Amino acid sequence: MSLRIDSELCTACEACVEACPFGAIEVVDGLACVKDNCTLCGACEDACPAGAISIDKKEEEVQAGFSGVWVFAEQRKGRIAEVAFELLGEGRRLADKLGVSLGAVLFGSGLADKAGELIAYGADKVYLADDPALENFTDDLYGGLLTELVREYKPEIVLCGATSLGRSFFPKVASALNTGLTADCTGLDIRMEDRLLLQTRPAFGGNIMATIQCPAHRPQMATVRPKVMRKGPCDDNRTGEIIEVELAGRAITARTKLLEIIEDLSEKVNLAEADIIVAGGRGIGEARNFALLRELADLLGGALGATRGAVDNEWISYPHQIGQTGKTVSPKLYIACGISGAVQHLVGMQSSDVIVAINNDPKAPIFDVAHYALVGDLFEIVPAMIAVLKDGGK
Amino acid sequence: MNIVVCIKQVPDTRNVRLDPETNTLKREGVESIVNPFDMYAVETALRLKDEFGGTVTALTMGPPQAEAALRQVVEYGVDEAVLLSDRAFAGADTWATSYTLAKGIEKIGQVDLIVCGKQAVDGDTAQVGPELAEQLGLPFVCFVRRLAEVDPSGGRMVVERLMDDGYDVVEASLPALITVVKEIGEPRVPSLRGKMKAKKLTIPVYGAADLNAAPDCVGLAGSPTQVVEVFAPQPRGDRVNIDGAPGEQARQLLAALARDKVLTVKVD
Ligand SMILES: Cc1cc2nc3c(=O)[nH]c(=O)nc-3n(C[C@H](O)[C@H](O)[C@H](O)COP(=O)(O)OP(=O)(O)OC[C@H]3O[C@@H](n4cnc5c(N)ncnc54)[C@H](O)[C@@H]3O)c2cc1C
Ligand SMILES: Nc1ncnc2c1ncn2[C@@H]1O[C@H](COP(=O)(O)O)[C@@H](O)[C@H]1O
């Protein structure tokens, strides 16, 4: 692998000098020159406005120097997202298979005490950036900093939850690093012959599955669907290293500004994180009948979902919508009440572990994807379930 | 405001199935549609044009047939359309797609806002928007559900971004890129004028050479990711029908879920 500077194109603007995280470029006699401590990270290649810098990569050389599995540990309001622990469980398995270390990356403010949690769940190293500017998520700061850390520490695999946050800023990082990114994976594995990460994900609305690899670029990056991977055991005696990294002093600026975070307090809408979802469709009949489903959801500790039919009738707000033009979910349990099972709805929920369908039309297509089929009136069955749950079945 | 809307022609996912013999996609009889989210992107752009004037250009990368998708959105009021089409573009992943779209946008010229759909329903990646913004060096906001304030002369906008647990109010400088969700607003109906225009509009087609695109950055060759295999999802296990009176159905279901360890309730 080598770095070339085209003397015809170089204008000696020094953009590369500023971009280089290692101080490995200088301008001598009106031409950029590379020093021995160059790591071929590619920062200068991206920064050069004249396109004068190029890095030749041979496939077999790509893997050289990149080692370790990283998990981006998402936090919102100082709470680490469940999916981060799930990814540590999966990341641990992958790292052990490769015989490398597992790193967790944590960005936030006043979070130093949270690093230990990540170690307890399997991380060997925690890269912690503690800065007031990182308290809340912004694409530019999170993306810019993660890009630089990847260039400096060179992990071979970087994973993040396929949450709104992950799916927003991970593409920016992958693009900046000129590497591939596989979205919303539901399966990961290592092919031992060439140590490549095999990333499996649903496509075409879950009608097919595809396995993707990224052979010639590093790191290999993926966002992973919440609730699919298994959280490992929590071991408070595990030890690990906390590496503090600084945001300050880097040329990373935010071009967007978070003005306000509005939580949907009316109800639990974090469908991505819910283990159990009780969803209602047009069969619910009217807005106030959602109270019935809400009661069931509360008793089960679940969240409320809906079809577009129900949302379009304004019985419930759009963040609850599941399906092609709403959210994709895969909880452990999905209870569909009064939902016909239009394909646009099915694509958003058919990968749930267990699907229960309650519908008075035995021919409703929702029964085709159901594990438990209850033909009947939801207004009789749901109250009966509530009664059983309330008195423990007596 | 000069706005570019990125649209993608996609197979109607309802009909996409895998041929179990060959493990390839069965495409016969599968209709092509404009990606549903992109119709919201078109509507977003048209509303801004209604308010501030300017030009809305629809951009797509795809096979020659994708021109039909461009003509379709012109019916709704889009002014110009550009098709990026070249055999060399085939097989592009999100990196190569966003690279090529970025080259197309550079060709279109000065742009204040780029609007994409949240995701395309064929690949479901939701990556092309933010990757495109990064290629162009622009700020972006994903999953926008409302434009609270747009100030083209002041070079800024305030938008609401849908998150998992609510929404964020985000200010961004212009030019910028947004990806939009359904809540942004239902698409209008095509106008007669638009339909006339769609028939006549000349749509330029640019290939790799026209865009000055590096051959090793487009299509399959420029894609860091490769598909190893595609396969049909595991078929559902046998369905259990739970019949009887409602009370009996409820009890049996909860007992079964407890047996499956999906629920921790005790039902006897
Ligand atoms: C481009 C596009 C995108 C779309 N995106 C989405 C999407 O993201 N999500 C989505 O959900 N839909 C989406 N749709 C809409 C989808 O096609 C269906 O129209 C919608 O899912 C139907 O909602 P539903 O099941 O609630 O209503 P219906 O189809 O009207 O079904 C209601 C069901 O309730 C049953 N029922 C009625 N009363 C009772 C009772 N008392 N007890 C038990 N059962 C009862 C009926 O038998 C019926 O099966 C989209 C459509 C298009 C064209
Ligand atoms: N080939 C393409 N041509 C134009 N726009 C595209 C193309 N692919 C994706 N997009 C845009 O990027 C969005 C996200 O697509 P995806 O990342 O494929 O889910 C889509 O809603 C489109 O706005």
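The values are calculated or read from the model by the stated rules, or taken from the named source; none is laboratory data. Quick caveat, the model's predicted, so the values are computed rather than measured. Positions of Cβ are backbone-derived with ideal geometry, glycine not excepted, and every protein chain shown enters the neighbour counts. Calculation scope for accessible area: heavy atoms of the full protein, side chains included, ligands and nucleic acids excluded. Shrake-Rupley method; radii C 1.70, N 1.55, O 1.52, S 1.80 Å.
Ordered from highest to lowest accessible area with the whole protein assembly present and a 1.4 Å probe, B:ARG188, A:ARG201, A:ARG93 read as A:ARG93, B:ARG188, A:ARG201. Using a probe of 1.4 Å on the protein chains alone, the accessible area found for B:TYR76 is around 50 Å². Sequence-distant contacts, meaning Cα pairs under 8 Å at least 6 residues apart, place the relative contact order of chain A at 12 percent. Each residue of region A:312-317 is assigned a 3J(HN,Hα), and the resulting list reads 5, 7, 6, 7, 7, 7 Hz, derived from the Karplus form 6.51 cos²θ - 1.76 cosθ + 1.60 (θ = phi - 60°), x at Gly and Pro. For the protein assembly as shown, carbon and sulfur atoms together expose 48% of the accessible surface, with a 1.4 angstrom probe and every protein chain in place. Accessible area ranking (1.4 Å probe, heavy atoms, ligands and nucleic acids excluded), largest first, for B:SER153, B:SER98, B:SER173: B:SER153, B:SER173, B:SER98. Taking amide H as placed 1.01 Å from N in the peptide plane, A:GLY280 has its amide H under 5 Å from the amide H of A:GLY305, A:ALA306, A:THR307, A:CYS337, each at least 5 places away in sequence or on another chain.
Take every pair of alpha-carbon atoms less than 8 Å apart whose residues are at least six positions apart; their mean separation over the length of region B:119-199 yields a relative contact order of 27 percent.
Take every Cα pair under 8 Å whose residues are at least 6 apart in sequence, average their separation, divide by the length of region B:107-162, and the relative contact order is 23 percent. Note on A:248-261: average number of Cβ atoms from other chains within 10 Å of each residue's Cβ is 4.
Between B:ASP151 and A:ARG230, with labels modelled 7 Å along Cα→Cβ, what's the label distance in nm to one decimal, could you check? According to this spin-label approximation, the distance is 5.4 nm. For B:TYR206, the residues whose amide H sits under 5 Å from its own are B:LEU83, B:LEU84, B:SER85, ignoring neighbours fewer than 5 places away on the same chain, with H placed 1.01 Å from N. For region A:59-133, the fraction of C-alpha pairs more than 14 angstrom apart is 59%.
Axis angle, to the nearest 10 degrees, between helix B:36-52 and the longest C-alpha principal axis of chain B: 40 degrees.
Among the listed pairs A:LYS125/A:LYS154; A:LYS332/B:LYS261; A:LYS257/B:LYS182; B:LYS8/B:LYS118; B:LYS8/B:LYS200; B:LYS107/B:LYS200, those with a Cα-Cα distance over 18 Å are A:LYS257/B:LYS182; B:LYS8/B:LYS200; B:LYS107/B:LYS200.
Within chain A, helices built from complete DSSP H runs that reach 18 Å or longer along their own axis (Cα positions) and carry a mean Kyte-Doolittle hydropathy of 0.0 or higher are A:164-176.
By the beta carbon rule, with partners counted only under 4.7 Å, chain A holds these lone Cys residues: A:CYS10, A:CYS13, A:CYS20, A:CYS33, A:CYS38, A:CYS41, A:CYS48, A:CYS160, A:CYS185, A:CYS214, A:CYS234, A:CYS337.
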